[in-house]
Amino acid sequence: MNAAMVREPFKPHWWGRMGWLLLVAYCVYALSDLNITWARFTAGLGAGAKFVSEMFPPSTKRLELLTQNLVETVEIAVISSAFGIALSLPLGLLSARNLMPAWLSWPARAIIAISRSFHPVIFAILFVKAVGFGPLAGILTLVFASIGFVGKLFAEAIEEISLKPVEAMTAAGAPFASVLTFAVLPQVFNRFIGFSTYQFDSNLRNSTMIGVVGAGGIGGTLFAAFQRFDYDFLCTILISIIALIMLGESLAIKIKAVFND
Amino acid sequence: MTEHRTWTRFTRAQRLARFAVYLGAVALLAVSMDTVEVIPDFLYDAPKQVTDLLRRMWPVDFGAYHKQGIHEALIETLNISTLGTILSLLMAVPLGVMAAPNIVPVGFLNWIARFVLVSSRTVNTLVWAILFVAVFGPGALAGTAAIAFRSIGFCGKLLGEALEEIKPGPIEALKAAGAPWTSILIKGYWPQVAPAFWGLALFRWDINVRESAVIGLVGAGGIGVSLENALNLFRWTQVSLVLLCIFAVVVLAEVFVTHIRQKLI
């Protein structure tokens, strides 16, 4: 038996190695393009230590303002989830290609695609310019975001259903409304609850942020505290945001558990 | 006498729980609608304002693309998102390994890793950007760090889940042959999670391209800075150009990711 016949268990993968090399080369280029240097990084660490030390202890002043803003954040999330989900139900149904003719599904798909096209913050900027500062802009933004997400997933869920109950009911001469309630909805209801709770969770997260561009909620106070170098209040706001989101997440899990057993 | 039994789909407790959820949701909505400070006139006025806004945005000022440095800002955005993704993967791999109880069977370490991953996901990219602007000053470094720290939670969680679903066969074989733990990781675990890893890296990069377009609003570099400048100067025709550019980049990134994913998986 000569050496050539011994199979190497782990062959060197030259294309793979070239790829890793390219990746390293890209990192070097990107670091220089973005002007990221080691000196800037270490200088930042010093500033970071100062920043963190100024954040602690978290301030306990202006708690009234904080609760007010937190309540507004939750309100934005609740209202936008309700309207967003309510609107994405018919839109999702209309854009399901297995139930609807093309002339109905295309416009509905277009509306959903437009809602998904931009980051919520960009929509928030535009809505703030259109309807002024405050929670209304935030609500409109998140309604849009909800339509883009729930509408798309809902349409996909409907497209995946089994068509047998639908055919059976149509053959028996049931009107379209009955077909929807008894043949289509039961098949997608659980997934729909899942999308809705996820979207509420995600709206809650986003409603803490859109205030940065003036669309209501806690984000505005957060950004103001940052600009005024009021770092101990910033810390309080951050902690309360994290607590709020954790609370929302556990609530979403509880609700899903109620419907999934 | 036969006993009549009626069939019900849910037990009484299930029905009560469902009813409670519906009632709670409606009550919450009612209270919110009642107390939120929305000025109704602004809502009725909205369609008029939106058409006015769109009219001011037209025609798109394509000349500003090179004059106002929007091209450079776009490249910067792409670099921030790519570098941020790479950086976050570097940090997410050890955390993901640490979070998988079948690789690191120490409950305390699993818990620490999970805690770090959850906190990373809880704080929004824009909030991370604000924090890092305070640390590193305005610019791309803050943006890259924000993108990276936000993505750790996502990548680490999905990587951890992929590692938990691994088949133990190859690992046991390597262990039986006496391989050191680095070899077990590289030759036993890595080949099994590689498709999931590249899939989630691509997916996160796509998300990060979207996110890095807005972090400039708080001063963290990229095309968002151009958007903010154009908005502050009321140069609406430039705003529409920046929005078009962001839209084009986001769509191109999505097409690119779908294409690569089909080849990879």
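The values are calculated or read from the model by the stated rules, or taken from the named source; none is laboratory data. Remember, it's a predicted structure, so these values are computed and weren't measured experimentally. Cβ coordinates were reconstructed from backbone atoms using ideal geometry, including for glycine residues, and neighbour counts include every protein chain displayed. Each accessible area value is taken on the protein alone, full model and side chains, heavy atoms only, with ligands, DNA and RNA left out. Shrake-Rupley method; radii C 1.70, N 1.55, O 1.52, S 1.80 Å.
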Next item on the list: Would you mind putting A:184-197, B:14-27 in packing order, based on average other-beta-carbon counts within 10 Å, highest first?
Entry: A:184-197, B:14-27
Note to self: Ordering B:E254, A:E75 by accessible area with a probe of 1.4 Å, largest first, what comes out?
What the structure shows: B:E254, A:E75
Checklist line | Förster-model FRET efficiency, 51 Å R0, A:S32 and A:E64, C-beta, rounded to 0.05 | finding: 0.55
Next item on the list: Might you report the magnitude of the Cβ-based charge dipole of the protein assembly as shown about its Cα centre, with Lys and Arg at +1 and Asp and Glu at -1, to the nearest 20 debye?
Entry: 920
Note to self: For the stretch B:152-207 and the stretch A:172-246, what is the centre-to-centre distance using only Cα atoms, to the nearest Å?
What the structure shows: 32
Notebook entry, point to check: Can you pull the mean other chain C-beta count within 10 Å for peptide A:30-42?
Noted result: 5
Notebook entry, point to check: When you look at the Cβ of every residue in B:46-55, what mean number of other chain Cβ atoms sits within 10 Å?
Noted result: 3
Checklist line | Net +/- balance of residues flanking A:I218 in space, Cβ distance below 15 Å, scoring K and R +1, D and E -1 | finding: -3
Notebook entry, point to check: Hey, with R₀ at 22 Å, roughly what FRET efficiency would A:E167 and B:Y22 work out to, going by the Cβ-Cβ distance, to 0.05?
Noted result: 0.10
Notebook entry, point to check: Is the stretch B:35-158 rounded, prolate or oblate when judged by the Cα gyration tensor, a ≥ b ≥ c being the square roots of its eigenvalues, rounded requiring a/c under 1.5 and prolate requiring a/b larger than b/c?
Noted result: oblate
Item checked: Contact order normalised by residue count of chain A, Cα under 8 Å, 6+ apart, percent -> 25
Margin query: For the pair B:K187/A:I114, report the inter-label distance in nm, with labels modelled 7 Å from Cα in the Cβ direction.
Written below: 5.8
Note to self: Which one, A:Q187, A:I158, A:P120, projects farthest toward the positive side of the charge dipole computed for the stretch A:119-191 from Cβ point charges (K/R +1, D/E -1)?
What the structure shows: A:P120
Item checked: Solution diffusion estimate, µm²/s, Stokes-Einstein, the protein assembly as shown, Kirkwood Rh from C-alpha pairs, 25 °C, viscosity 0.890 mPa s -> 95
Notebook entry, point to check: Which ³J(HN,Hα) values, rounded to whole Hz and listed in residue order, are derived for the stretch A:143-154 from phi using the Karplus coefficients 6.51, -1.76 and 1.60 in 6.51 cos²θ - 1.76 cosθ + 1.60 with θ = phi - 60°, glycine and proline given as x?
Noted result: 4, 4, 4, 5, 4, x, 8, 5, x, 5, 5, 5
Check: With the Cα gyration tensor of chain B giving a ≥ b ≥ c as the square roots of its eigenvalues, does the rule (a/c under 1.5 for rounded; else a/b larger than b/c for prolate; else oblate) give rounded, prolate or oblate?
Finding: oblate
Margin query: I want to check the label-to-label distance for A:R97 and B:V251. Put each point 7 Å from Cα in the C-beta direction and report it in nm to one decimal.
Written below: 1.9
Notebook entry, point to check: B:K48: which lysines have alpha carbons under 20 Å from its alpha carbon, excluding same-chain residues fewer than 8 sequence positions away?
Noted result: A:K129
Check: Within straight cross-link reach of A:K61, meaning Cα distance under 16 Å, which aspartates and glutamates are found once same-chain residues fewer than 8 apart are removed?
Finding: A:D230, A:D232
Margin query: Spelling out what I want: for every residue of the stretch A:19-36, take phi, set θ = phi - 60°, compute 6.51 cos²θ - 1.76 cosθ + 1.60 (Karplus), and round to whole Hz; glycine and proline get x.
Written below: x, 4, 4, 4, 4, 4, 4, 4, 4, 4, 4, 5, 4, 6, 5, 8, 6, 8
Check: For the stretch B:1-158, what relative contact order do you get, as a whole percent, if you take Cα pairs closer than 8 Å and at least 6 residues apart?
Finding: 23
Note to self: Taking 51 Å as R0, compute the FRET efficiency from the Cβ-Cβ separation of B:L53 and B:A13 and round it to 0.05.
What the structure shows: 0.45
Notebook entry, point to check: Hey, can you list the DSSP H helices of chain B whose Cα span along the axis is 24 Å or longer and whose average Kyte-Doolittle score is at least 0.0?
Noted result: B:12-35, B:70-99, B:140-164, B:190-212, B:236-264
Check: Using 17 Å as the cut-off for backbone N distance, which residues of the stretch B:248-265 belong to the label zone defined by a point 7 Å from the Cα of B:F203 along Cα→Cβ?
Finding: B:254-265
Note to self: Tell me the mean residue ellipticity at 222 nm calculated for chain A from its helices only (DSSP H runs of n ≥ 4, each -39500 (n - 2.57), averaged over every residue, nearest 500).
What the structure shows: -25500 deg cm²/dmol
Next item on the list: Would you mind checking B:K157/B:K263; A:K256/B:K263; B:K175/B:K263 for any pair whose Cα atoms are more than 30 angstrom apart?
Entry: A:K256/B:K263; B:K175/B:K263
Check: What order do B:W236, B:W7, B:W205, B:W190 take when sorted by accessible area (1.4 Å probe), most exposed first?
Finding: B:W7, B:W190, B:W205, B:W236
